[in-house]
Amino acid sequence: MIKKFKKKHGKIILKVILLIIITSIIFTSISNHIIKINNDYIIKINKEKVTFIKLINKYKYEINQQKIIYGNKFLKLKKDKNFINKIQTNIIEQFINEILLKQYTKKLNFKITDDKIKNFILNDESFKINGLFNNNKYLIILKKINLTVNQYIKILKDKILIKEIIENIKNSNFILNKEIKILTNLLNQKRIVQIAKINLKNYKYKNKIEIKKQILQTINKLNKGIYINLNKLKIKFNKKKILTLSKKNDKNINKIIFNLQTPINNKPIYYLSKCKNNKNILLLIKLIKVYYDNIDIRNIKINDFKEYNKQMEIEYIMSNLTNHANIKYNKNIK
């Protein structure tokens, strides 16, 4: 009887021990995997890594800022996938721009005082109660976004440095009369375009690359003035649009269109671009005509041009930094 009891319970104990061992192995591997993901980079910008933890902390911070901006409306906006996707995309872009500008400030040996950081924290509306800075609220918010005081000050220091250098670029900017004439022409330039959306989902997966090659060959022939029947590739253009630099359109498309050469002998210029929001869609841009409105330069407000020129200067610096940067995304993390 005792032997049977020992044998029966011995098996149970053995099973429990095995279960504990297996469970510990599983949890160890899961925790190691989580640690690896948390410490692994999402993006690498000139060898500087943006880790998963940094991304999550930034996301929490941005969500908190959106709550302050939108108040009660934020609960509805949070359910909107497009709104959340926009925040996530902006966070990635912010990381890239901020790191590039931070690296740029280091090269210039640009520094910031502790008093400026202190004043920024004390004047931040997020940390105030009844119009006054509240230390408890400050610490609670930092805890929510998983940041220590020192970590937050470091992030803040980088942000203020970036803001200062942008202000310095703006204040140091000046404009010549010759540049005013060039900018007048540029701002009053109008481009007539048509855009066709080519959905690669309409073609078989294996033929996607082949279709893209065909379209590229078609554009090449069209730009050489060789007639091609676009109906064969099921390409239908939207209605004609008149675009200007000042008109608010998709920034990426606007940049592409205004970088295209002027059509010669009334022959349109064609350009194939990827759709930023959908990998399966190609955008075929058809630039039909470029013309200028007659404008009296005496009626131009110089300050408006100065502001535009400042913005162009900042965009030029950012474009230059991005073009010369080594930006790498981690393919193993989806």
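Numbers at a glance
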item: Of residues in the range 229-244 being within 19 Å of S273 (Cα to Cα) and assigned to a loop (DSSP other than H, G, I, E, B), the one modelled with the lowest pLDDT; result: K234
item: Neighbours by Cβ (under 7 Å, 6+ apart or cross-chain): first from the range 123-150, closer than 17 Å to K58 by Cβ; second of a type in the set (F, W, Y) and assigned to a helix (DSSP H, G or I); result: I141/F127; L142/Y152; I145/Y61
item: Residue check, I333 modelled with pLDDT of 75 or more and either in contact with a Cys (Cβ under 9 Å, 6 or more places away or on another chain) or aliphatic (A, V, I, L, M) (or both); result: no
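The values are calculated or read from the model by the stated rules, or taken from the named source; none is laboratory data. Keep in mind it's a predicted model, so treat the numbers as computed, not measured. No Cβ is skipped: glycine too gets one built from the backbone with ideal geometry, and neighbour counts run over all protein chains shown.
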